[in-house]
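Only one structure is covered here, and it is reproduced in the block below.
The values are calculated or read from the model by the stated rules, or taken from the named source; none is laboratory data. All values derive from a computational prediction rather than experimental measurement. Neighbour counts run over all protein chains shown; Cβ positions are idealised from the backbone, glycine included.
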Amino acid sequence: MNLGFTFFFNSILLGTGLAMDAFSLALANGLNEPEMKKRKIIGVAGCFAFFQSAMPLIGWICVSAAAERFRVFEKFIPVIALGLLGFIGIDMLRDGIKHKDSDEAMPPVGFKGLIAQSVATSVDALSVGFTVSQYSFTEALLACMLIGSVTFLICFAGILAGRKAGTKLLGKAGILGGSILLFIGIKIFLSSLV
């Protein structure tokens, strides 16, 4: 098990990049429900965190199962990770740039809406299964827990900021998240060449 600085740094960076979509929604939820109770704030941030940590683990399980059966597939994992993270990152960047000055409001979130938001913002995290495929189950689980913890903190802060600041940060979060995911995809690809 290799739990050095790079492991924690990469997991925190992944968590930060993946959490930006959820942050945008948490920010908007906070803006549109300025009287949101602390219990609901924790629940909303927890729901985003749960899905952001579960999806990469599901991706890891799928990749591990495929890699066990098809060893040839392993050498393509860095290319696939670059492609997926690059696609998601570029899409987030484009969306963030397009909506950087957006001030659209949305209604307060209910339980079904929160689940839909959480799933929608975490589907891209399935691709992280490719990026952590070389990890053991324990390492993958720890990485996913770190991703979930980072997401929780970012979303909690997003709700609070949304209650105070408004939607001015919405587009910038997408730009930051897209940039981080692109950086991680390129780093994974380049490290596979060494």
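Suppose the filter is of a type in the set (A, V, I, L, M, F, W, C), modelled with pLDDT under 85 and outside any helix (DSSP H, G or I); does Ala125 pass it?
Here the answer is no, as Ala125 does not meet what is asked.
Pick from region 1-24 the residues that are among the polar types (S, T, N, Q) and in a helix (DSSP H, G or I): which of them is modelled with the highest pLDDT?
Quick first cut of region 1-24, residues among the polar types (S, T, N, Q) only: 2, 6, 10-11, 16, 24.
Retained after the next criterion (residues that are in a helix (DSSP H, G or I)): 6, 10-11, 16, 24.
Values: Thr6: 85, Asn10: 84, Ser11: 87, Thr16: 90, Ser24: 78.
Filtering region 1-24 for residues that are among the polar types (S, T, N, Q) and in a helix (DSSP H, G or I), the one modelled with the highest pLDDT comes out as Thr16.
Which residue, of Phe7, Phe50, is surrounded by 15 or more Cβ atoms within 10 Å (Cβ to Cβ), within 15 Å of the chain's Cα centre (by Cα) and farther than 25 Å from Ile90 by Cβ?
Result: Phe50 is the single residue among Phe7, Phe50 that is surrounded by 15 or more Cβ atoms within 10 Å (Cβ to Cβ), within 15 Å of the chain's Cα centre (by Cα) and farther than 25 Å from Ile90 by Cβ.
With respect to the numbered conditions (1) within 12 Å of the chain's Cα centre (by Cα); (2) of a type outside the set (Ser, Thr, Tyr); (3) modelled with pLDDT of 90 or more, which one is the sole condition not fulfilled by Ile180?
With respect to (1) within 12 Å of the chain's Cα centre (by Cα); (2) of a type outside the set (Ser, Thr, Tyr); (3) modelled with pLDDT of 90 or more, Ile180 is out only on (3).
Can you list residue pairs whose Cβ atoms sit under 8 Å apart, with the first residue in region 1-29 being among the aromatic types (Phe, Trp, Tyr) and the second being part of a helix (DSSP H, G or I) and at pLDDT below 85? Count only pairs 6 or more apart in sequence or on different chains.
Phe23/Ala173; Phe23/Gly177
Run Thr131 past the list (1) among the polar types (S, T, N, Q); (2) at pLDDT 75 or above; (3) buried (at least 23 other Cβ atoms within 10 Å of the Cβ) and report the number of the one that doesn't hold.
Checking Thr131 against (1) among the polar types (S, T, N, Q); (2) at pLDDT 75 or above; (3) buried (at least 23 other Cβ atoms within 10 Å of the Cβ), the one that fails is (2).
Could you please find all residues in region 23-32 being over 9 Å from Gly158 (Cα atoms) and surrounded by 19 or more Cβ atoms within 10 Å (Cβ to Cβ)?
Leu31
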